[in-house]
1. Kindly evaluate B:Ala335 against the criterion of being modelled with pLDDT under 90, over 28 Å from the mean Cα position of the chain (by Cα), surrounded by fewer than 20 Cβ atoms within 10 Å (Cβ to Cβ) and more than 7 Å from chain A (Cβ to nearest Cβ).
2. Name the single residue, out of those in segment A:98-123 being within 14 Å of chain B (Cβ to nearest Cβ) and outside any helix (DSSP H, G or I), that is farthest from the chain's Cα centre (by Cα).
3. Quick one: count up the residues across segment B:167-197 that are more than 12 Å from the chain's Cα centre (by Cα) and modelled with pLDDT of 85 or more.
4. Here's a check for you: in segment B:85-137, which residue that is in contact (Cβ under 8 Å) with a residue 24 or more places away in the chain and charged (D, E, K, R) is surrounded by the fewest Cβ atoms within 10 Å (Cβ to Cβ)?
5. Could you list, in sequence order, the residues of segment A:1-17 that are more than 7 Å from chain B (Cβ to nearest Cβ) and at pLDDT below 85?
6. Take B:Trp99 and decide whether it is more than 31 Å from the chain's Cα centre (by Cα) and part of a helix (DSSP H, G or I).
7. Tell me, which helices (runs of 4 or more DSSP H) wholly within segment B:448-524 include 1 or more residues that are buried (at least 20 other Cβ atoms within 10 Å of the Cβ)?
8. Specify the residue that is farthest from the other protein chains (Cβ to nearest Cβ); the eligible residues are those in segment A:58-97 that are assigned to a helix (DSSP H, G or I) and among the basic types (Lys, Arg).
Amino acid sequence: MRRLAFIVPVIVFLGIAAVLAVGLGRDPKILPSMLIGKPLPTFNLPDVRAGTGGRGLASADFHGKPGLINVFASWCVSCRIEHPFLMRLKAEGVSIHGLNWKDKGDAGARWLTRFGDPYDRVGYDPTGRTGINLGVTGAPETFVIDSKGVVRYRYVGPITPEVWATTLKPLLDKLEAEA
Amino acid sequence: MSAEIGQFALILAFVLALVQSVVTMWGAHRRDDALMALGRMATLLQLFFVVIAFGAIAWGYATLDFSVELVARHSHTTQPLAYRLAATWGSHEGSMVLWILILALHGGALAVFGRPLRTTFLSRVLGIQGLLGAAFLGFSLFTSNPFLRLSPAPLEGTELNPLLQDPGLISHPPLLYLGYVGFSVAFAFALAALIEGRVDAAWARWVRPWVLFAWTSLTVGIALGSHWAYYELGWGGWWFWDPVENASLMPWLMGTALLHSALVLEKRGALISWTLLLSILTFSLSLIGTFLVRSGILNSVHAFAVDSARGAYVLAFCVLATGSALALYAWRAPAMRTGAVFGPISREAGITLNNLVLVVATATVFLGTFYPLLYPLISNGGTITVGPPFFNLIFLPLFAILLTLVGFGPLLHWKRDAVKAILVRLRWPLGLFVIALLVGTFAFGLGKTLAAFGIALGVWLIAAGGLLLVRRWGLGSKSAAANWSLVRTTPVAIWAVALAHTGLGVTCVGVTAMGGFEASKVLRMGPGDQVEFAGRTVILDSLGEVAGPNYQADRGVFRIVGGRGPRQLISERRFYPSSQSQTIEAAIGPSLVGNLYISVGERDQAGKAVIRMWNHPFVGWIWGGAILMALGGLISLSDRRLRLGAPQPSRKTVEAAA
């Protein structure tokens, strides 16, 4: 038993070394998600925007037609980069739901007032609990949900026109057709 | 010619390092004195050739030999000589040779001054040092050769990054490396002890000065780096939780733990296998730090040229060195004798607790630094980084615990102590802590309770450090004459611990004041404009262009009225044409209670510029405290007991035993 304690350091170290070795040759663009193909975890969040009582975001909202959840935060620089494109999508009539992730107080609401609000519904997740259930690793992140409430795709990083045109839009159209 | 000589010297040093490790190890195994003497000779010869190689690089810079690629990439004819010489270690290749030089110097010092050690033990230590040397020499030769020629040679070189053309650069990397490499001695000592299967008080007494030296250098090195960032990056941040800063902080935290556990081992013969483990881990963290900087695996402002071949080499080396050391530990340490026992409330227990907190703190920094790797998070556009909020969240409570403990530590009795007696002993610092907390909360308001708590912790540490001396001198309990004679005979060890712990308190005050009371202002100013800021009047006297030796600058001259009489401060925004880059030289008005920090922005058509000014209360205390800590380390190094090495059994005890 005592001997075992002395073996722990070398085992822990080999684990760390393995991670570093993987890191050295990793492709940073590949991101697996646990939730792909599984139903959306249950949540029911209040809206972050003032004067929108009772209109928050719930997992039940994703039934009947496919939808998008965009995870954002006022402290996230990449979200700021992504934001103008989301506004453009809104102008084109695309419905996007927002998840205001790990923001304090009304920081998210003020952010939306200041830069414009591209979202249909916005859930307020200050503790990041819903984010954890969704498997969010950072902001911005976008999830595509089908009409049965199943997560079909997860995109990490700001949505660019290219990503929208080649990946997200075709997927949404396909899901629309399925429904 | 000099580059070829350097190249040849580097190859010879590589071969000699291999010879050194094989001959010493084999000699120690066979107990062959001639072989072991040969090993020591190889160590000194290796040092000789490494010095030549390093000198060859420096010579290339001094004579501006642009046919050497390294020189052409990092120097320029207009670059002052001091910065050309400092450029010797301003690049990846050159800094590697500096690392090797320091390692060889440590090996040489061991070979010369280590004679009182058991010959077999010294040989094994040198053998491990030789292996480390060979690995790094191989790294230099095979992946980052500093002596590559350029043909045809360019007429002009590209300049060293202007941010690095600073007095801070001249001393920061060598001090850091002294720290990193210094821990290799503890590493080699631990492995040699594991091979021989014995550790005793003499081992700890031998290893302590090396650890102290490494720790002191690292402390100064980190403080210099932080101060450099403060005045050079132009906005007054002093710590960024950048991966490379973390890389130096981790060995420092672990080294601090090692320093204290080695003390327990020396004085009380306890914590034996724990000290060995810390010795291995501290140096491993230094290696991992090197890996981090050179692999490009994490983004950092400090990182050298990204090259995954280099990263793979250093990683393989880290894994081999640390992996085999820890395997040796797993195999041999359980058979070592267990240390002396101690009560749950004793100085040993206090130090053990301090060790635990420090190790947890190190693990936190490690996790935070490598988190982006553990969960590959990097997205197409933005990267997700683990920022200051994470570190602050974990670090503040951990350090609050640590700092509280540090005050108690040196005033605990060895072996066994009683809670009530401790509280009575420490009533004055504890009282001051409570008073500082109450006064702070009252003065700053309830919203700043955390700041008041931080300041109170600083007061507690300074008071507890002072109490050590007060108790030693018998102030208030003995006559003045007796006091004086006690002052003169105060052991070096007490001075050292009082200084180091007080320094920690001073740093704590500085960090808290910066965190809680920093103020800033941004405005557009033209010549003649004035503004009230932080109880002073700041007047912009002039705004114009000046030319430096290898740069052009926009210079703002400010006059400060109020505070402590009028004075002049100058801030510059420098443009270096040959490297097309810009630096900001902030105007800093330093004082004991805080700095006024002004940086000048770009001038517009109207002849006005955006001026940013900060009030940094007590910021100097952050580095002042670090200097006090390092002074404590230096004083402790001067302790005669350490220089004398292992105690010889006195005649009396021998007789008694007989």
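The values are calculated or read from the model by the stated rules, or taken from the named source; none is laboratory data. Keep in mind the model is a prediction, meaning the values are calculated, not measured. All Cβ positions, glycine included, derive from the backbone under ideal geometry; neighbour counts span all protein chains shown.
1. Taking the combined requirement at face value, the residue satisfies it.
2. Applying the filter and picking the extreme gives A:Lys104.
3. 14
4. B:Glu93
5. A:Met1, A:Leu4, A:Ala5, A:Gly15, A:Ile16
6. Against the criterion (more than 31 Å from the chain's Cα centre (by Cα) and part of a helix (DSSP H, G or I)), B:Trp99 does not qualify.
7. Because the criterion is at least 1 residues that are buried (at least 20 other Cβ atoms within 10 Å of the Cβ), the helices (runs of 4 or more DSSP H) in segment B:448-524 that meet it are B:449-473, B:492-517.
8. If we take residues in segment A:58-97 being assigned to a helix (DSSP H, G or I) and among the basic types (Lys, Arg), then A:Lys90 is farthest from the other protein chains (Cβ to nearest Cβ).
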